[in-house]
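Some notes on the structure that comes next.
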Amino acid sequence: MLNFIKLIQQRGYWQFIESAFTVPKIKFTSTPENWNSLTQESKEVLVALYRMYPLAVDGPVRFDRKRLAAMAMLTPSDFDKLLLSFQTKGLIEYQAADNKSAIQFMEPRPADKYVSFPSTFVDAYINAKKERTHAMLAFLKSEECMTTQIAHYFGQTDDKQCGVCSTCTFNHYPDPMIIEQMLRDGHSFDDIWFDLNCNPDELKN
């Protein structure tokens, strides 16, 4: 499904937002006259909300959930349960905070024919992504100089190792005198291998 969504995004019909955070909101669907049957504690919470967010009578407004939970001496999760109980009784509408994916249309909703793909095309797209992923993993796992690998990818034949990439320096052991001096200066082994770009396991040996 995600691959299909991204394929349509490439055509420019919509923008896929992988993480869309929504804030908590509240709307009053009742008035204080309807709250007399509530417990004193529940009524106090609703009255506090009503006074702090009077515009919530007209429509959903953002509110400080954690602050109000603390004022009511409740944990945020218990405060959520209380608000949901108010909603069940028809006293408020509560929209909890959420973090979901979203799709934003870049133009009027396209016709079905513009967002359909042959199964062979979708399979080829997925296989191409898998091949790229496997190639990247092989590149990262290889013990060959990264610069040399990149050169070969672009058709160059220079096999000279760069000496500075992470592969070239992984088994590099720096001058022992430099290490001894850094230890005398108070550097830890972690500081040394990070500063000198060498294998920490080899360094500690």
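Select, from Lys89, Lys81, Lys100, the only residue that is farther than 17 Å from Met52 by Cα and either touching a residue at least 60 places away in the same chain (Cβ under 8 Å) or touching a Gly at 6+ places or on another chain (Cβ under 8 Å) (or both). Full working, then the answer.
Details: Lys89 fails: either touching a residue at least 60 places away in the same chain (Cβ under 8 Å) or touching a Gly at 6+ places or on another chain (Cβ under 8 Å) (or both); Lys81 fails: either touching a residue at least 60 places away in the same chain (Cβ under 8 Å) or touching a Gly at 6+ places or on another chain (Cβ under 8 Å) (or both).
Among Lys89, Lys81, Lys100, only Lys100 is farther than 17 Å from Met52 by Cα and either touching a residue at least 60 places away in the same chain (Cβ under 8 Å) or touching a Gly at 6+ places or on another chain (Cβ under 8 Å) (or both).
Suppose we keep only residues that are of a type in the set (Val, Ile, Thr) and under 16 Å from Pro24 (Cβ atoms) within the stretch 52-96. Which one would you say is surrounded by the fewest Cβ atoms within 10 Å (Cβ to Cβ)?
To start, the set of residues in the stretch 52-96 that are of a type in the set (Val, Ile, Thr) comprises 57, 61, 75, 88, 92.
From the residues that got through so far, the ones that are under 16 Å from Pro24 (Cβ atoms) too are 61, 75, 92.
Values: Val61: 17, Thr75: 12, Ile92: 21.
The extreme case among them is Thr75.
Quick one: which of Asp190, Asp98 is modelled with pLDDT of 70 or more, of a type outside the set (A, V, I, L, M) and closer than 30 Å to Lys66 by Cβ? Full working, then the answer.
Values: Asp190 fails: closer than 30 Å to Lys66 by Cβ.
Result of the check over Asp190, Asp98: Asp98.
Pairs please, first residue from the stretch 123-150 and aromatic (Phe, Trp, Tyr), second anywhere and surrounded by 10 or more Cβ atoms within 10 Å (Cβ to Cβ) and assigned to a helix (DSSP H, G or I), Cβ atoms under 8 Å, 6+ apart in sequence or on different chains.
Tyr125/Asn3; Tyr125/Leu7; Phe139/Met146; Phe139/Gln149
Considering every residue within the stretch 30-51, establish whether at least one is without any contact (Cβ under 8 Å) to a residue 60 or more places away in the chain, surrounded by 14 or more Cβ atoms within 10 Å (Cβ to Cβ) and under 28 Å from Phe16 (Cα atoms). Don't jump to the end; show me each part of the working.
Here is the first cut: in the stretch 30-51, the residues without any contact (Cβ under 8 Å) to a residue 60 or more places away in the chain are 31-51.
When the remaining residues are screened for being surrounded by 14 or more Cβ atoms within 10 Å (Cβ to Cβ), the result is 34-35, 38, 42-46, 49-50.
Then keep just the ones that are under 28 Å from Phe16 (Cα atoms); that gives none.
Taking every residue of the stretch 30-51 in turn, none turns out to be without any contact (Cβ under 8 Å) to a residue 60 or more places away in the chain, surrounded by 14 or more Cβ atoms within 10 Å (Cβ to Cβ) and under 28 Å from Phe16 (Cα atoms).
Among the residues in the stretch 98-105, are any within 30 Å of Asn34 (Cβ to Cβ) and either touching a strand residue (DSSP E or B) at 6+ places or on another chain (Cβ under 8 Å) or in a helix (DSSP H, G or I) (or both)?
yes
Kindly indicate the residue of the stretch 106-136 that is basic (Lys, Arg) and farther than 30 Å from Met146 by Cα and also modelled with the highest pLDDT among those meeting that condition. Break it down stepwise before answering.
Pass one, the stretch 106-136, residues basic (Lys, Arg): 109, 113, 129-130, 132.
Next, only the ones that are farther than 30 Å from Met146 by Cα stay: 109, 113.
Values: Arg109: 70, Lys113: 65.
Among them, the one singled out is Arg109.
The values are calculated or read from the model by the stated rules, or taken from the named source; none is laboratory data. In this text, all values refer to a predicted model and were calculated from it rather than measured experimentally. Note: ideal-geometry Cβ built from the backbone for every residue, glycine included; neighbour counts use all protein chains shown.
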